[in-house]
There are 2 protein chains.
Amino acid sequence: VTADAPAPLVAVVGGGSWGTAFALLAAGRGAPVRLVCRTPAQAERVARDRVNPAYLPGVRLPESVEVTSMDAPGALAGAGLVVAAVPSRVVADVAAWAAPRMAPGAGVLSLTKGLDPRTGRRLSEVWGQAAPGVPFAMLSGPNHAEEVAEGQPAAGVVAGEPALSRRVQGLLNGAAFRVYVNDDLTGVELCAAAKNVVAIAAGMSDGLGFGDNAKAGLITRGLAEMTRLGRASGARDATFRGLAGMGDLVATCTSHHSRNRRAGELIAGGLRPHDVEARLGQVAEGLWTVDRLLELAARSGVELPISAEVAAAVAGKPVEACMRDLMSRAPAIEE
Amino acid sequence: VTADAPAPLVAVVGGGSWGTAFALLAAGRGAPVRLVCRTPAQAERVARDRVNPAYLPGVRLPESVEVTSMDAPGALAGAGLVVAAVPSRVVADVAAWAAPRMAPGAGVLSLTKGLDPRTGRRLSEVWGQAAPGVPFAMLSGPNHAEEVAEGQPAAGVVAGEPALSRRVQGLLNGAAFRVYVNDDLTGVELCAAAKNVVAIAAGMSDGLGFGDNAKAGLITRGLAEMTRLGRASGARDATFRGLAGMGDLVATCTSHHSRNRRAGELIAGGLRPHDVEARLGQVAEGLWTVDRLLELAARSGVELPISAEVAAAVAGKPVEACMRDLMSRAPAIEE
């Protein structure tokens, strides 16, 4: 370690399922890890029990993982990498909190998949404004926390500042979890935000009792609309065909772990969209993203038929009518 | 109906699950349908019971569907469309049987997803040689027979001779089943053949207890290798991103209806590949396709890492070693 090398300590802000699994993953790779929970009460419980019962029951954090909370002085002190594993709706606040507390030379790795619900900005823009000049990257891909925590094989994509991206790759790359570097940050961010919305539609299809044929069609058309939005935003098509695009979309639309898929299923079953997150006990980012995504698409002159029907369903349109309108809308050509 | 218009009778050759479901679909759209079973015994049973217990139990064929067998004289007499719903390994024989029996002006619609196991040729080439000058098209896409028979929403892709393709679209297009015409027959054929092989790999991943993250990664890399093969064969990338490519791949890799996925699962569970079809009671086309697909790829100078490991597993390599070798093979770039 030279004087210029960033400190090896990894501070993970946010003790949800993915933050906890990420802490475990990094600790398993030998990094010193501090898990910074959002409340002192959560930090106390996790520090005492070494498990996170609400989000990742049955997974034990090694003693080497230090646990603290955002209220603690020095929560980010000495950390060379700050990993933000928080819902999109608090990213702006967490970025404002983190910026003055970060050690010189530290970088930010964002795990959040969404847009800023207040402004519709990409989260790299939110972090860039709160912490100008701080290297930023994001990690995406088909990475259900439960499976990563169990050491199941998975692969992720890191995009952002090149040196930081390579550092994250070096930190995480192992036999079970493989990391690829992608230089299309805009594409990776839009994939991550948009796939949650398509997953809500896939869950609605499941909830109405439709089968695998219908869902495969939805996923295919979902990737096409995501790709169109990306193209209009300067992203690369290849990103959408890769792990951060197609890979994460398929996992999110088909897995029983997926909260967004489950949100669609619950709405199709008659639960009010307003009550979905309480029932899930977790955030379904697609519910926060969909309207901002449609605004972005409208500014870019791109149509997102699936996302538009998800927005309509969230606003109260009967799910049967949404799916019927979607299925009967014949695209002129397949793409 | 003018003197030049093809006769409306649809003869479906092959009383397996998809042939039976197709007969039901066409009959439901008002077409006169004759189901031509491969043996008189099967034809007798289906004609008597109006169900096909071995392949599509619980689905009742309307009385309007005529049932006969390939042994009957005039099995194809008066049919304007001959639909071939038979396994790839008998396509050459069925084409040779059908060619002299077809009415003038009749076309062939193939439902088979594979290559000729003896020669590796695409099935359009097999039909073209047996029945030169006869219009040919194929129907593909995420179309699990069980769901189509239940009237679940689904979409398919028809490719081949343009007028015949549009005729098939007109015949089948309805509220529940939507048909898109694609002019890239080579692409649609290669998608259909290759996706079954990737689905065997996906089933192996399932059989080893790997989760949704790993499978989403396999599906993503599977589509990339399919697309590379298509590109080298003059097919269009867009076909691989569409319903016949990505759509069918996702359905086949994730559905509990999928025989090819199930074949991989059984092999991972220790069943000898030789015994898989007996256990399934149905054909798993990927087992017949994989070696021919790899030969085609080798001639085109394309690598198919997933298909190569499936071939190795079918030849006796332990599935754990196949999956380990696949996961540890780091692509230089994502595509």
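The values are calculated or read from the model by the stated rules, or taken from the named source; none is laboratory data. Nothing here was measured: the structure is a model prediction, and the numbers come from that model. Quick reminder, even Gly has a Cβ in these numbers, built from the backbone with ideal geometry, and neighbours come from all protein chains shown. Keep in mind that these areas ignore ligands, DNA and RNA; they rest on the heavy atoms of the full protein, side chains included. Shrake-Rupley method; radii C 1.70, N 1.55, O 1.52, S 1.80 Å.
Descriptive notes on the structure:
- Matching residues, the range B:67-111, being open to solvent by less than 30 Å² (accessible area, probe 1.4 Å), under 13 Å from B:ARG34 (Cβ atoms) and not hydrophobic (A, V, I, L, M, F, W, C): B:THR68, B:SER69, B:GLY80
- Scanning the range B:223-258 for residues that are of a type in the set (Lys, Arg) and part of a helix (DSSP H, G or I), we see that the one that is nearest to the other protein chains (Cβ to nearest Cβ) is B:ARG241.
- Looking across the range A:130-147, the residues that are more than 21 Å from A:VAL181 (Cβ to Cβ) and either without any contact (Cβ under 8 Å) to a residue 12 or more places away in the chain or within 14 Å of chain B (Cβ to nearest Cβ) (or both) come down to A:PRO132, A:GLY133, A:HIS144, A:ALA145, A:GLU146, A:GLU147.
- Of all residues in the range A:315-327, one or more are within 14 Å of chain B (Cβ to nearest Cβ) and in contact with a strand residue (DSSP E or B) (Cβ under 9 Å, 6 or more places away or on another chain).
- Hits in the range A:56-73 - residues which are without any contact (Cβ under 8 Å) to a residue 24 or more places away in the chain and among the small types (Gly, Ala, Ser): A:GLY58
- Residue ID - nearest to the other protein chains (Cβ to nearest Cβ), chosen from residues in the range B:201-222 that are open to solvent by less than 10 Å² (accessible area, probe 1.4 Å) and more than 19 Å from A:GLY245 (Cα to Cα): B:SER205
- Residue among B:LEU287, B:LEU294 that is crowded, with 23+ Cβ neighbours inside 10 Å and either at pLDDT 95 or above or in contact with a Leu (Cβ under 6 Å, 6 or more places away or on another chain) (or both): B:LEU287
- Check on A:VAL310, part of a helix (DSSP H, G or I) and buried (at least 20 other Cβ atoms within 10 Å of the Cβ): yes
- Residue under evaluation A:GLU150, criteria (1) open to solvent by 30 Å² or more (accessible area, probe 1.4 Å); (2) more than 11 Å from every other protein chain (Cβ to nearest Cβ); (3) over 30 Å from A:ALA5 (Cα atoms), criterion not met: (2)
- Subset tally (residues that are in contact (Cβ under 8 Å) with a residue 24 or more places away in the chain and closer than 22 Å to A:ALA214 by Cβ) for the range A:288-310: 8
- Going through (1) more than 23 Å from A:VAL90 (Cβ to Cβ); (2) away from chain B (no Cβ under 14 Å); (3) assigned to a loop (DSSP other than H, G, I, E, B) one by one, A:ALA297 falls short only on (3).
- Scanning the range A:76-104 for residues that are in contact with a strand residue (DSSP E or B) (Cβ under 7 Å, 6 or more places away or on another chain), assigned to a loop (DSSP other than H, G, I, E, B) and not hydrophobic (A, V, I, L, M, F, W, C) turns up just one, A:GLY78.
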